[in-house]
1. Restricting the search to the range 47-82, which residues are surrounded by 10 or more Cβ atoms within 10 Å (Cβ to Cβ) and either at pLDDT 85 or above or assigned to a strand (DSSP E or B) (or both)?
2. Taking GLN31, is it outside any loop (DSSP other than H, G, I, E, B), modelled with pLDDT of 80 or more, surrounded by 10 or more Cβ atoms within 10 Å (Cβ to Cβ) and in contact with a Leu (Cβ under 9 Å, 6 or more places away or on another chain)?
Amino acid sequence: MQKAKGYKNITVLTNTGSDYSVGLANAFKEQAKKEGIQVKEEQYTADDKDFRALLTKVKDTILKYFRTRLLQYNWTNLDTGKKNLE
């Protein structure tokens, strides 16, 4: 699990129409709980064609993750457009 990398919150996308996806998500959530990682789950079905609403729900988490990584590795700051030299 990723606790060693500092993840505290993870979002799992689960296809409720797939036993494999549901089983994998359940196993992941169980292990994450043991490691103290908070898991949020968003569900979809194989019939879903438009994932904008689903991705909108998780975009803040995704942006926060990438902003942290960009700053950590001295890449361009998403807010200022300048290199992060600190």
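1. ASP48, THR76
2. Details: outside any loop (DSSP other than H, G, I, E, B): yes; modelled with pLDDT of 80 or more: yes; surrounded by 10 or more Cβ atoms within 10 Å (Cβ to Cβ): yes; in contact with a Leu (Cβ under 9 Å, 6 or more places away or on another chain): no.
So GLN31 does not fit the description; no.
The values are calculated or read from the model by the stated rules, or taken from the named source; none is laboratory data. Since this is a predicted model, take the numbers as computed values, not measurements. Glycine gets a Cβ as well: all are built from the backbone with ideal geometry, and neighbour counts include every protein chain shown.
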